[in-house]
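Below is one structure; the comments refer to it alone.
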Amino acid sequence: MRLVILPTYNERENLKALLAAIYQAVDDMHVLIVDDHSPDGTGEFVRELMETQYDGRLFLLQRAGKMGLGTAYITGFKWALAREYQYIFEMDADFSHNPKYLTVFLEKIEDCDLVLGSRYVAGGGVENWELLRRIISRCGSLYSRIILGLPFHDVTGGFKCFRREVLEQLDLEDVKSNGYSFQIEMTYRAFLMNFRIKESPIIFEERAAGKSKMSRAIFMEAIVMVWKLRAAKARLQAQSAGKGCSSTLPFVI
């Protein structure tokens, strides 16, 4: 069984088309919406869709308020692990992640533990970004890679596919990040546990509707969190002793 987790906050105008595209790409995919009580009625809209479409493949968890990206994913991961899902996706709800890549990720996850959608490997890229945003994104990923010693080209992206075993063995209660640094932390923890990690090229498409959730506070959290993760490396490695993939070191394609 396969599950896509979509955290939402004011994404109503994107969801109908996005869900149609997901189910067109993978007909039997299950989708979990984790909504932070969106003022635009995202949660109510999802409930309507659950009653009229998708035959039990669409689910909703609605939280009390805006609690952040990281906790939304942790909530979704725990929900998935309480059920029989073997492959669990992270994916943005704003259409910046094209559902056509879902089938590619499912092929690649067959011989690894975590697939990272990468904008910065051959075949990847971004569309409709200004030069300054391209520079900030590239430099942010490079900054994190250097400080944490990660071999991957894109460590800030949020389009991923986990094997169930990865999320079972990571200490989800210990994950500290809540903004975009959450993506860095999850990859770093999986890397320290020697899980097999692949990058898969994606074209990141700027949202067509709605408003970006990026803010100065989220950006600064990522800057600081990288150093906190580096300082905690020994503790994280000790936690992971005896866990993770023992067959090979992480690798990149």
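The values are calculated or read from the model by the stated rules, or taken from the named source; none is laboratory data. Computed from a predicted model, the values in this text were never measured in an experiment. Cβ atoms come from the backbone with ideal geometry, glycine included; neighbour counts cover every protein chain shown. Each accessible area value is taken on the protein alone, full model and side chains, heavy atoms only, with ligands, DNA and RNA left out. Shrake-Rupley method; radii C 1.70, N 1.55, O 1.52, S 1.80 Å.
Yes/no matrix, rows are residues, columns are (1) of a type in the set (Lys, Arg); (2) on the phi > 0 side of the Ramachandran plot:
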site: SER118; (1), (2): no, no
site: GLY123; (1), (2): no, yes
site: GLU127; (1), (2): no, no
site: LEU131; (1), (2): no, no
site: SER137; (1), (2): no, no
site: ARG145; (1), (2): yes, no
site: PHE152; (1), (2): no, no
site: LEU167; (1), (2): no, no
site: VAL175; (1), (2): no, no
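Screening the candidates ASP94, ASP55 for the property of being charged (D, E, K, R) and open to solvent by less than 70 Å² (accessible area, probe 1.4 Å) yields one hit, ASP94. On inspection, ALA82 passes the criterion of being loosely packed, with under 14 Cβ neighbours inside 10 Å and either of a type outside the set (Lys, Arg) or under 16 Å from the mean Cα position of the chain (by Cα) (or both). Residues in the stretch 159-178 that are touching a residue at least 60 places away in the same chain (Cβ under 8 Å) and open to solvent by less than 10 Å² (accessible area, probe 1.4 Å): PHE159, LYS160, CYS161, PHE162, LEU167, SER177.
Starting from residues that are assigned to a loop (DSSP other than H, G, I, E, B) and open to solvent by less than 20 Å² (accessible area, probe 1.4 Å), keep the ones in the stretch 97-107 and report whichever is nearest to ALA25 (Cα to Cα). Working first, answer last.
Keep residues of the stretch 97-107 that are assigned to a loop (DSSP other than H, G, I, E, B), which gives 97-100.
If we keep only those that are open to solvent by less than 20 Å² (accessible area, probe 1.4 Å) as well, we get 97, 99.
Details: HIS97: 13, PRO99: 6 Å.
Checked the stretch 97-107; the qualifying residue nearest to ALA25 (Cα to Cα) is PRO99.
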